[in-house]
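Each remark here refers to the structure printed beneath this line.
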Amino acid sequence: MSERDARRAQSTVIGVVLVLGLAVVGTTAVLVMGGTAIQDVKDRASASQAELAMSTVDSEISEIALGHASARRVTLGGQGQATLDESAGRITVERTGANATGPPLVNTTMGAVEYRSGGTTVAYQGGGVWRKESGGTRMVSPPEFHYRRGSGSGSDPTLTFPLVVLRGSASSSEALRFADGPTRAAFPNASAGRQNPLDAGSVRVTIRSDYYRAWAEYFETRTDADTVTVVDANESVEVVLSVPTRGREIDEGIASQSPTVSVTGGATVDSYNSSQGTYSTTKGENGSVYVGEDLVNAGDGTIYGDMRVDGDFEAGGGIEVKGELIADGDADLSGGGVSVDERIVADGDLLLGGGGGLNSPAIVSGRVVETAGGITVNGDVRAGGDYLGGAGGTLNGDAHIGGDFYPASGQSINGHVTAAGEFKDGSVPPNVDQYGPQPDLSAATAAGELRPPDLRPIDRTIDTRVGTAAASNDNAGSDAGRIEAGNCGGGYADCTLTNGTYYLNGMTLDGSDQLTVDTSGGPVYLVVDGDVTTTGGSAVDVTGSHEVHVYATGDYDIETDWTSVGDRGDQIWLYGTSGSTVTVHGGADFYGVVYAPGNQDITVIGNGEVYGGVVGGVSDVTGGSSIHYDTVLADQKPELTGGGGAPVTFLHVTVNEIRVENG
């Protein structure tokens, strides 16, 4: 064989070896990769079966907890093992802060039925189903944690949490049996003195669990991110709900404790209903004024509604009340110029004078005193005491008096008089009856039961809000810094805030500054440790369906428009301290509520307009300005949660024990 032939033979052998080697390597790779893929498919199928099994467990335990069954059996299937761990996870529910005494309401392990397959664990715990794998944890089905914020008329923020805890010993790949155990009412609990509604403080729920991150995400979707805190160091999540300060309902256009409320210079208080249309199309006469102490009204203004005073009422300079005047004290109209369309009701005396008269009916528990001559009384009068007439006056209406009637010189009595006492004159006219029955004064008695509006200052709430927002807020990545600097117009882009809590040291918008508050993703909380001022051509515009709440330690000076969606008077809420001043200037339209109880200096001047309501010390509504009460506010309350985030007034927590054993 030649050398060339020998080399050719060697090449053939080497080629065959290489081909065989490649075939072996390829086959091995296919087997390895194919085996891995097959295992992945098996793991995913097993994990899906585990989710299905645990979701079935969830459904069957719910049936037991609701009392629809005393026991249920669940077939597991799949290739994994389901094991009960009684010690898995711990929950604590406790009241903190004011009026919080005694041990936690709940402090117990939750237990978990865990189904492991490969690197995945699916577990039933605390009423929910959770999945844990290398990428983290997620919720498969939610626990029975029900939170209702309760915004709107007739509802209160409520947390309902029927907690399920698992007890027993079980481990099976085939089936588990679940049976009803004892149920304990943690709150309310009459025997333990735990009652709704909550009056103060906060409710804190803390969960330590392998699935704490998934619990946290669920809490955030149900309540508010501000209320949820995650602590990775001990694998826990905490949600805090705070009891609101007891604010009053917004039942009137003005609720004040100022001793002097001036509605003057053509100013008006009336009403509308934003749920039915704009002010111009729904204008009404429900713009009542409620004053919590003696009132001196100086005025030439018009109130399209009732005037309610928890004390004496004294008017001077003229005022027109289109509804009723109700006073838990004297009704002093001796200053003249007072017009009441419906009736006057007072748990005290009625004083007439000033060259005026009385055209409306009046019911008073005390006396009727004409303090000057020439007074004309056209309305019917019922009084529990004496009637002291004035010289040269005229009584055209009927009078029913619980005491004596004292006619004055030259007084004309054209109506019919019934006196339980005597007619104090020598001759008794034929239209006067003496020694008659007592008049019906039930309306005056009801006036005596007036209670002052709840106008306790909210300084502590605002201070707490400031401290909480300063420590934790959503400023990062937002326009909060530009708003604080007043850089929201001119050479800068307009500013926008979305759902969240923002902290500012002050807020001043002027010139061409424009701020849009977009609430489409949820409510916006703006906490200002200083003054809030909008001047020039600047404007604040709210979009979306949720509310905007502004808490400020300083003063409000509003010279430009603050507008809401659909002219809503319940969408923007401004909260002030007892030491703040609030001024709505001419040319400004403010849609919302000014809530500054304890304050003594709220003014709407120079054609300024408030569409909503005002609670606090209203000293002046003057110069053609108006307060248009939005009746959708009736029975609504301010959001005065001191700790920030989600409020809670009603709490319902039970601990339902479920026994677990092999099936």
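For segment 88-177, the relative contact order comes to 18 percent (Cα pairs under 8 Å, sequence separation of at least 6).
Computed with a 1.4 Å probe over protein heavy atoms only, the accessible area of Thr468 comes to about 60 Å². Protection proxy ranking of 126-139, 57-70, by the mean of other Cβ atoms within 10 Å over each peptide's residues and highest first, is 126-139, 57-70. The alpha-carbon of Lys637 sits under 13 angstrom from the alpha-carbons of these aspartates and glutamates, leaving out residues fewer than 8 places away in its chain: Asp156, Glu249, Asp251, Glu252, Asp454, Glu547, Asp570.
Compute the distance from the alpha-carbon center of segment 455-483 to that of segment 179-240, in whole Å. Segment 455-483 and segment 179-240 have Cα centres spaced 24 Å from each other. Using a probe of 1.4 angstrom and keeping all protein chains present, the accessible surface of the chain works out to 40 square angstrom per residue.
Of the residues Leu515, Val466, Cys495, the one whose Cα sits farthest toward the positive end of the charge dipole of segment 433-554, with +1 on the Cβ of Lys and Arg and -1 on the Cβ of Asp and Glu, is Val466.
Within straight-line reach of Lys424, meaning a Cα separation under 16 Å, sit the following aspartates and glutamates at least 8 residues removed in sequence or on another chain: Glu370, Asp386, Asp404, Asp433. Distance between the modelled labels on Ala493 and Ser191, one decimal in nanometres: 6.2 nm (7 Å Cα→Cβ projection). Rounded to the nearest 10 square angstrom, Lys322 shows an accessible area of 40 square angstrom against a 1.4 Å probe. At a 1.4 Å probe, what is the % contribution of carbon and sulfur to the accessible area of segment 391-470? For segment 391-470, the apolar C and S fraction of the accessible surface comes to 48 percent.
Here Lys424 and Ala446 are evaluated by their C-beta separation; at R0 = 41 Å the FRET efficiency comes out at 0.85.
If you find the alpha carbon centre of segment 55-91 and of segment 336-358, how far apart are they in angstrom? Spelled out, the Cα-based centre of one part sits 73 Å from the other. Taking the Cα centre of segment 321-370 as origin and assigning +1 to Lys and Arg Cβ atoms and -1 to Asp and Glu Cβ atoms, the resulting dipole is close to 160 debye. Report note on the peptides 622-632, 402-412: ranked by the mean count of other C-beta atoms within 10 Å, highest first, their order is 622-632, 402-412. Each peptide in 611-619, 473-481 gets a packing score, the mean of other Cβ atoms within 10 Å over its residues, and the list from highest to lowest is 611-619, 473-481. Simple spin-label estimate for Ser173 and Ser134 gives 2.4 nm between the two label positions (7 Å along the Cα-to-Cβ direction from each Cα). For the pair His146 and Ala408 in one chain, pulling the backbone fully straight at 0.36 nm per residue adds 87.2 nm over the alpha carbon distance.
Each Cα pair under 8 Å and six or more residues apart adds its sequence gap; the mean of these over the residue count of the chain is a relative contact order of 14 percent. Extending 7 Å from the Cα toward the beta-carbon at both Thr543 and Ala372 defines two label points whose distance is 5.9 nm. Note on Lys283: aspartates and glutamates with a C-alpha under 12 Å away, same-chain residues under 8 apart excluded, are Asp270, Asp630.
Helix 459-471 and the long axis of the chain differ in direction by around 20°, with both axes built from C-alpha atoms. For Gly624, nonlocal amide neighbours, meaning residues 5 or more places apart or on other chains whose placed amide H falls under 5 Å from its own, are Gly266, Ala267, Asn607. Summing +1 for each Lys or Arg and -1 for each Asp or Glu, what net charge is found among the other residues whose Cβ lies under 12 Å from the Cβ of Ala443? My count for the surroundings of Ala443 gives -3. Angle of helix 212-222 to the longest C-alpha principal axis of the chain, folded into 0 to 90 degrees and rounded to 10: 30°. Relative to the longest principal axis of the Cα atoms of the chain, the long axis of helix 3-65 makes an angle of roughly 30 degrees. Net charge in the neighbourhood of Trp130 (other residues with Cβ under 9 Å of its Cβ; Lys, Arg +1, Asp, Glu -1) is +2.
Residue farthest toward the positive end of the dipole of the chain, with Cβ of Lys/Arg at +1 and Asp/Glu at -1: which of Leu526, Thr376, Asn359? Result: Leu526, furthest along the dipole toward the positive end.
The values are calculated or read from the model by the stated rules, or taken from the named source; none is laboratory data. Worth saying up front: this structure is predicted, and the values here are computed from it rather than measured. Don't worry about glycine lacking a Cβ; one is built from the backbone with ideal geometry, like all the others, and counts go over all protein chains shown. Remember, those area values only see protein heavy atoms, side chains included, never the ligands or the DNA or RNA. Shrake-Rupley method; radii C 1.70, N 1.55, O 1.52, S 1.80 Å.
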